[in-house]
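The values are calculated or read from the model by the stated rules, or taken from the named source; none is laboratory data. Just so it is clear, the model here is predicted, and its values are computed rather than measured. Don't worry about glycine lacking a Cβ; one is built from the backbone with ideal geometry, like all the others, and counts go over all protein chains shown. Only protein heavy atoms, including side chains, enter the accessible area calculation; ligands, DNA and RNA are left aside. Shrake-Rupley method; radii C 1.70, N 1.55, O 1.52, S 1.80 Å.
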Protein chains: 2
Amino acid sequence: MMSKQSLRELKKEATGHALADAAFELAIDRGLDGFTVDDIVQRAVYSRRTFANHFSCKEEAVATAALTFKSTKEAEDLIGDMSENTPLLDMLYHMMKMQMTADHFWKMRKLVSLSRRNPTLVPYILSALQRLKKSAQQILTELSHGRYSNEHIHLLVGAVYGAIQPLYDGSLDVSLPGESASETSEAISYEQYVDTIFNYLRNGF
Amino acid sequence: MMSKQSLRELKKEATGHALADAAFELAIDRGLDGFTVDDIVQRAVYSRRTFANHFSCKEEAVATAALTFKSTKEAEDLIGDMSENTPLLDMLYHMMKMQMTADHFWKMRKLVSLSRRNPTLVPYILSALQRLKKSAQQILTELSHGRYSNEHIHLLVGAVYGAIQPLYDGSLDVSLPGESASETSEAISYEQYVDTIFNYLRNGF
DNA sequence: CTACAAATTGCCTGTTGTGCAATAATTCTC
DNA sequence: GAGAATTATTGCACAACAGGCAATTTGTAG
């Protein structure tokens with residue numbers, strides 16, 4: 001079903017994750033300007049040249065660490081229990097719900113706070129979000145065995161990810177499950193927002 | 001209605017556009033790797049330091065040149081003749097239609113072709129598209145005088161721009177007005193695609 | 001006209017990107 | 001399982017880049 005991973009590919013991905021994680025950790029406790037690529041590779045024990053083989057800059061590494069599935073298994077977990085012929089919209093809704101883990105929220109929160117202080121991050125956040133989108137898209141394509149056209153899937157997934165983007169790029173303030181919704185004045189509940197999105201998409205605007 | 005521009009601001013924007021345009025031109029006839037920041041500032045007759053004051057790298061300049069309104073007037077032209085109490089969805093549809101000029105198509109086409117050869121561009125394309133989105137959003141917010149919540153506008157505009165994104169980041173092949181739709185095997189008509197988007201958003205998926 | 005604010009510039013230095021060639025690790029073929 | 005082919009990692013070297021600082025020019029305000 002899924003692409004099989006050669007040992008070589010697994011190792012390559014592992015070094016990528018190691019580098020990205022190191023970058024993310026450094027960013028969290030020193031800020032984006034508080035460290036260099038050399039610091040990253042020193043922490044992850046790789047060469048600077050290798051870092052450049054995986055990422056174009058530290059911003060890309062940081063965003064990737066926060067918004068990437070670490071394994072195909074992690075991506076497949078989004079599927080959970082879905083019957084083969086669930087409608088496309090329901091499948092996507094299901095996957096979005098499965099994505100809402102405490103870990104995901106925590107990383108998102110950190111990422112947004114970093115990007116607020118340093119807008120250089122934003123392009124790479126959008127780019128990482130796009131990779132998440134493509135994962136979802138690919139899963140849906142496989143799962144729906146030709147019931148929907150490529151164009152249709154692109155369109156729907158694009159609309160959903162476009163609508164949640166403001167939560168990730170910092171244009172909207174989010175409140176998370178643990179927090180009371182009225183704590184921050186203008187903050188929006190992540191889960192309610194997603195529900196709203198799907199309500200509109202289901203019934204039209 | 002719109003924010004008035006001091007002479008100083010106008011001049012600053014002008015140098016920004018001059019630099020961005022120079023970068024875009026160079027990218028078109030030498031490719032993204034075929035020139036340096038020095039080449040850009042030499043062509044636009046500014047200092048390298050000034051370039052850094054406006055853009056973080058040449059990719060950002062290139063994407064900005066292709067996907068930015070050069071003046072507030074150009075942005076306001078999108079409004080055209082719209083009555084004050086047009087429904088939000090209709091206003092947005094109208095604006096998307098107004099955006100479809102030959103010039104816009106041409107720039108988009110060039111941008112996509114550049115990003116295909118050099119994926120480094122992609123994050124900055126997404127970022128530039130986000131700026132376009134924000135312009136649209138701001139216009140709609142002003143134009144709809146509190147008839148819709150901030151959240152609602154964010155959501156709708158996000159969905160639309162998310163859905164058209166594949167046309168700009170190169171994940172879908174586009175055919176343009178001049179070309180026959182069946183010329184390229186898998187190519188999609190830009191205008192038909194947008195119409196499809198709005199059909200779905202109107203009536204639900 | 002004068003004082004103020006902001007944009008542009010040059011200079012400088014630490015940081016970064018990348019081609020090339022060498023090495024080490026994995027995969028393939030027989 | 002041994003040797004050949006592929007690919008990831010690394011070091012080196014050098015051009016390109018980012019950003020702080022201070023000086024200068026140019027627009028703004030009173």
Toward the positive end of the charge dipole of segment B:67-205, about the Cα centre and with charges on Cβ (Lys, Arg +1; Asp, Glu -1), which of B:MET100, B:ILE79, B:GLN165 goes farthest?
-> B:GLN165
Within segment A:1-90, which GluC sites (Glu not before Pro) sit in a loop by DSSP and count at most 15 neighbouring Cβ atoms inside 10 Å?
-> A:GLU84
Enumerate the whole-percent occupancy of each 20 Å bin, from 0 to the last occupied one, for all C-alpha pair distances of the protein assembly as shown.
-> 24, 60, 16, 0
Which three semi-axes in whole Å describe the equivalent ellipsoid of segment A:20-129, each the square root of 5 times a Cα gyration tensor eigenvalue, listed largest first?
-> 31, 16, 11
Farthest towards the positive end of the dipole of chain A, among A:VAL62, A:LEU114, A:HIS154 and with Cβ unit charges of +1 on Lys and Arg and -1 on Asp and Glu, lies the Cα of A:VAL62
How many Å² of accessible area per residue for segment B:39-103, probe 1.4 Å?
-> 50
Helix axis angle, A:102-117 relative to chain A longest principal axis, alpha carbon, degrees = 60
Which FRET efficiency value, to the nearest 0.05, do you get for A:HIS145 and A:LYS73 by plugging their Cβ-Cβ distance into 1/(1 + (r/R0)^6) with R0 = 30 Å?
-> 0.90
Set of lysines with alpha-carbon distance to B:LYS11 below 19 Å, sequence-local pairs under 8 removed | B:LYS70, B:LYS73
Counting only DSSP loop positions in segment B:48-121, the chymotrypsin sites (Phe, Trp or Tyr not before Pro) whose Cβ has at most 16 other Cβ atoms within 10 Å are B:PHE69
Chain A, accessible surface, carbon-and-sulfur percent (1.4 angstrom probe) | 49
Averaged over A:163-171, number of beta-carbon atoms from partner chains that fall within 10 Å | 5
Net charge dipole size for segment A:109-149 [Lys, Arg +1 and Asp, Glu -1 on Cβ; Debye, nearest 20] = 260
To the nearest 10 degrees, how steep is helix B:190-203 against the longest Cα principal axis of chain B, on a 0 to 90 scale?
-> 40
Which of rounded, prolate, oblate describes chain B, given a ≥ b ≥ c as roots of the alpha-carbon gyration tensor eigenvalues and a/c under 1.5 marking rounded, otherwise prolate only if a/b is larger than b/c?
-> oblate
Residue (of B:LEU10, B:LEU26, B:SER47) at the positive-pole extreme of segment B:1-66, dipole from beta-carbon charges | B:LEU10
What total accessible area, in Å², is buried where chains B and A meet, using a 1.4 Å probe and rounding to the nearest 100?
-> 2900
Within the set A:ALA22, A:ALA136, A:ALA102, GNM on chain A using Cα springs under 10 Å gives the largest fluctuation to A:ALA102
Kirkwood calc, segment B:1-66, C-alpha pairs only, radius in angstrom 12.1
Residue closest to axis [chain A; rotation mapping onto B; Cβ; Å] | A:GLY162, 1
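Only four residue types carry charge here, +1 at the Cβ of Lys and Arg and -1 at the Cβ of Asp and Glu. Report the dipole size of segment B:38-102 about the Cα centre in Debye, rounded to the nearest 20.
In debye, rounded to 20, segment B:38-102 gives about 380.
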Percentage relative contact order, chain B, counting C-alpha pairs under 8 Å, at least six apart | 17
Assigning unit charges at the beta carbon (Lys, Arg +1; Asp, Glu -1) and nothing else, what dipole magnitude in debye, to the nearest 20, does chain B show about its Cα centre?
-> 720
One finds the C-alpha centres of segment B:16-38 and segment A:10-89 to be spaced, in Å, by 31
Teacher prompt: A:TRP106 distances to equivalent labels in other copies, 7 Å Cα→Cβ, nm | 5.3
Which value at 222 nm does chain B reach when only helices count, each DSSP H run of 4 or more adding -39,500 (n - 2.57), with the total divided by all residues and rounded to the nearest 500 deg cm²/dmol?
-> -21500 deg cm²/dmol
For segment A:126-205, listing GluC sites (Glu not before Pro) in a DSSP loop whose Cβ sees at most 14 other Cβ atoms within 10 Å gives A:GLU179, A:GLU183, A:GLU186
